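Comments concern the structure below.
The values are calculated or read from the model by the stated rules, or taken from the named source; none is laboratory data. All figures in this text were calculated on a predicted structure; none of them were measured in a lab. Don't worry about glycine lacking a Cβ; one is built from the backbone with ideal geometry, like all the others, and counts go over all protein chains shown.
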Ligand SMILES: [Zn+2]
């Protein structure tokens, strides 16, 4: 069954199914949770379950009728999506108006329509305003689903008209099964699950040799005795740009590098107290130990705090170039300037 592909979100499914069975399915839901945990896939399966020609159970798709096939292929005439265009940081008002106009039309195939706002974090004042009328008076038979990283950052006018459904990061077992479903090789699974942070999308982005090349370059670079800020910034930026113009994919890449740096600093801390770090070759271990000796435990701990802050800024849609620069500054500033150094 289609829902089998959705891992780790049994609670949201249970509550939506209960509402559906009671005839109380809402007309607007805000799916709130971190990037890459499966909110979009969930919305797709929900649309499929609602539009299926031969549902085998309540809020369950057959996954074989023409309607299911169309939802799966993204060609169903009664399912729409709007998202931030590549290279943009806001949901443009024109795109939102078009989305609302399509939502207002009668369903083509059946009695329902499903509209998904994939980047609800990116509403600006005018596009949010354009969206409000549709949200306040949803067309009969329509369901709106907004996907967002954090419910608390939504405009009150939007938030107050949606039922919030929370999506948590996935547990390691669920991440592992998503990765296995996607054909990730067994010898990479452990490490990818560890670096995934509960986000299968993040782990899948890591399943790429180019990522490991850039990891080596950046980790070696920031832990070198005299880090070259300009070269590191360039390498990191090229990697980010390599995701294409899709800002969500760029965010994933920036966050991946932050994750690598966190991993390296943690390893350095472990080595500095004489603990073992499995999987490091001798050269890498020596480099990290020297790095730990140069900075000292306080500054390493401070770096971890700064990296956590940087990751939070990636989530909050701060400008990526500024995040990259501020992280690299932490690594490249002379030790004497660090508040906790010495
Ligand atoms: Zn079906």
Item to check | helices (runs of 4 or more DSSP H) contained in the range 7-86 and holding at least 2 residues more than 16 Å from the ligand (Cβ to nearest atom) and modelled with pLDDT of 95 or more | outcome: 10-21, 39-51
Checklist outcome for this item: Turns out the helices (runs of 4 or more DSSP H) fully within the range 121-200 with at least 2 residues that are in contact with a strand residue (DSSP E or B) (Cβ under 9 Å, 6 or more places away or on another chain) are 125-136, 156-159
Next on the checklist: Can you confirm whether residue 282 is farther than 26 Å from residue 172 by Cβ, touching a residue at least 60 places away in the same chain (Cβ under 8 Å) and outside the structural domain of residue 39 (by TED's automatic domain parsing)?
Outcome noted: no
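For (1) crowded, with 20+ Cβ neighbours inside 10 Å; (2) at pLDDT 90 or above, each residue gets a yes or a no:
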position	(1), (2)
143	yes, yes
164	no, yes
169	no, yes
175	yes, yes
179	yes, yes
183	no, yes
196	yes, no
